[in-house]
Amino acid sequence: MIKNGAKADALLGWMGSLADPTRLRLLRLLERNELGVAELCDVLQMPQSTVSRHLKTLSDQGWVLSRRQGTNHLYRTILDELEAPARKLWLLAREQTEEWPTVRQDRLRLEQVLRARETDASTFFAGAAAEWDRLRTELYGRSFTFDAMLALLPRDHVVADLGCGTASVAAQLAPHVKQVIGVDNSAAMLKAAKKRAVDLPNVELRRGELEALPIPSGACDAALLLLALTYVPEPTKVLEEVARILKPGGRAVVVDLLPHDRDSFRRQLGQHHMGFDPKDLEKTMTQAGLTGTASRPLAPEPGVKGPALFLATATRNS
């Protein structure tokens, strides 16, 4: 009787451990990697107190072990050492969360953390090369490299900045192309944009909807949609408009959110969509009259708080 009761208590404890989404995410991250608390905070985008509390629960339940390395504690799972029922529960939980958007976001951030580790190791052994990068940044800054890449753009290009906001991107593009046409439906945004572009005669700002662009057909060599599609109810119509305004061979560039499940984030920023599957967006771009579609996730920058992003590109059919 006692034995059976102990089994039931153990089962309930294991189920309780896996019933929390944060602990599920931690176990997935620690299944193949040994990570410190700071690294886990970066991936999960949670404060240290929250991550440490959940790690303690997992440790008390026997899911993870930790070891000290200098001033840090590194954690890893001990799934191979678990009792058979606990392993079965975990395998089921892992299978059922494989397509969870949050897991995909975590995976991208984990890749960035692991790359940072490799960079740290390379920096340690690089010696003079690492010193040169630091010295160059101290002497000249970083923006000159961005300006140099922008200078690769053809000088005769007309670029549409769709959902231009305060024209920060338009202002960066303006010195390098013939014309930038910024479109936004917000009077407040355009007011701020006009202040920024007051000394840029080749930046033209127009108020309009992305689903019905105030730009003639075939007028642009390139079109940018940077964090704009999540704000429109019907992205398909916007992409059809992008195809319409591009010249044959013109390029479309989209940067937007990968799928996520942070509904409070979506509501806070007034967005219509909780990200896009890049492959689905590629299909929509093709249906809109664009060709040569391609997409890739973008590595999250250190310290950012929003969902991870992707980049998609395509060309207007000739």
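Descriptive notes on the structure:
- Range in the chain, longest, excluding exposed trypsin sites (Lys or Arg not before Pro) [loop by DSSP; at most 14 other beta-carbon atoms within 10 Å]: 179-304
- Computed from the alpha carbon atoms alone, the convex hull of the chain holds 180 Å³ per residue.
- Summed over all non-identical Cα pairs, the Kirkwood treatment of the stretch 134-174 gives a radius of 12.1 Å.
- For the stretch 1-117, the spread of Cα coordinates along the three principal axes comes to 52, 35, 24 Å, biggest extent given first.
- Among beta bridges from DSSP that stay inside the chain, the antiparallel ones total about 55%.
- Spatially proximal lysines relative to LYS247 (Cα-Cα < 16 Å; intrachain offsets below 8 disregarded): LYS178
- The dipole here belongs to the chain: it is taken about the Cα centre, uses +1 on the Cβ of Lys and Arg and -1 on the Cβ of Asp and Glu, and is about 300 debye.
- Label-reachable residues, the stretch 266-308, where backbone N falls under 17 Å from a point 7 Å from ASN72's Cα toward its Cβ: 302-303
- Legend: calculated FRET efficiency, VAL253 to ARG107, from the Cβ-Cβ distance at R0 = 22 Å, rounded to 0.05, equals 0.35.
- The stretch 263-318: C-alpha gyration tensor shape, a/c 1.5 cut-off, then a/b vs b/c: oblate
- Spacing of the two label points (7 Å from each Cα toward its C-beta) at LYS237 and ARG206, in nm: 1.7
- Cα-based shape type of the stretch 146-316, given that a ≥ b ≥ c are square roots of the gyration tensor eigenvalues and the cut on a/c is 1.5: rounded
- Residue order, fewest to most beta carbons within 10 Å, for LEU40, LEU108: LEU108, LEU40
- Once you reduce the stretch 236-251 and the stretch 44-62 to the center of their Cα atoms, the two points are 48 Å from each other.
- Charge dipole (the chain, unit charges on Cβ, about Cα centre) - positive-most of PRO175, PRO235, TYR140: TYR140
No value in this document is a laboratory result; all are computed from the given coordinates. Everything numeric here is computed off the predicted structure, so don't read it as measured data. All Cβ positions, glycine included, derive from the backbone under ideal geometry; neighbour counts span all protein chains shown.
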